[in-house]
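Novice: If you scroll down you'll find the structure; I have some questions about it.
The values are calculated or read from the model by the stated rules, or taken from the named source; none is laboratory data. Computed from a prediction, not measured in an experiment: that's the story for all the values here. Here Cβ is always computed from backbone atoms with ideal geometry, including for glycine, and neighbour counts include all displayed protein chains.
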């Protein structure tokens, strides 16, 4: 009886430990690289958090309506290795972002490169096949 209980508790422990890995999405499951585009707009918010840093940009559509895009970056550690700092993006900055949009049509995208207001072009994460 104790062996069965031990196996059950151990199995539940392994399942709980695996949940964060299961929750992490694959690039191709969420984003469509074949519909990549460039967004131009103003940074409204920056979140330097794990597992992915994010920032939000107000972008005007063709009719002039402002749409706030949620843009995913790599992890803060990966961004640091790519030359980013916590304060490289600031609210109010004008940016151009090459993105792969979400497959579900929401105003969310994976940022591939970010051109900062000073002209620097920053790689925003790993290639899709590396994620």
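Novice: Select from segment 48-83 the residues that are under 11 Å from the mean Cα position of the chain (by Cα) and exposed (fewer than 12 other Cβ atoms within 10 Å of the Cβ) and write down the one among them that is nearest to residue 116 (Cα to Cα).
Specialist: Going through the qualifying residues, I end up with 49.
Novice: Related question: Listed residues 21, 17, 26; which is under 23 Å from residue 103 (Cβ atoms), modelled with pLDDT under 60 and loosely packed, with under 13 Cβ neighbours inside 10 Å?
Specialist: 21
Novice: Checking residue 113 against (1) part of a loop (DSSP other than H, G, I, E, B); (2) surrounded by fewer than 16 Cβ atoms within 10 Å (Cβ to Cβ); (3) under 15 Å from the mean Cα position of the chain (by Cα), only one condition comes out false. Which one?
Specialist: In the conditions (1) part of a loop (DSSP other than H, G, I, E, B); (2) surrounded by fewer than 16 Cβ atoms within 10 Å (Cβ to Cβ); (3) under 15 Å from the mean Cα position of the chain (by Cα), residue 113 misses (1) alone.
Novice: Take residue 33 and tell me if it is crowded, with 17+ Cβ neighbours inside 10 Å and touching a helix residue (DSSP H, G or I) at 6+ places or on another chain (Cβ under 6 Å).
Specialist: In short, no.
Novice: Could I ask something else about it? If residue 89 passes every condition in (1) outside any strand (DSSP E or B); (2) modelled with pLDDT of 95 or more; (3) surrounded by fewer than 16 Cβ atoms within 10 Å (Cβ to Cβ) but one, which one does it miss?
Specialist: Status for residue 89: all satisfied but (3).
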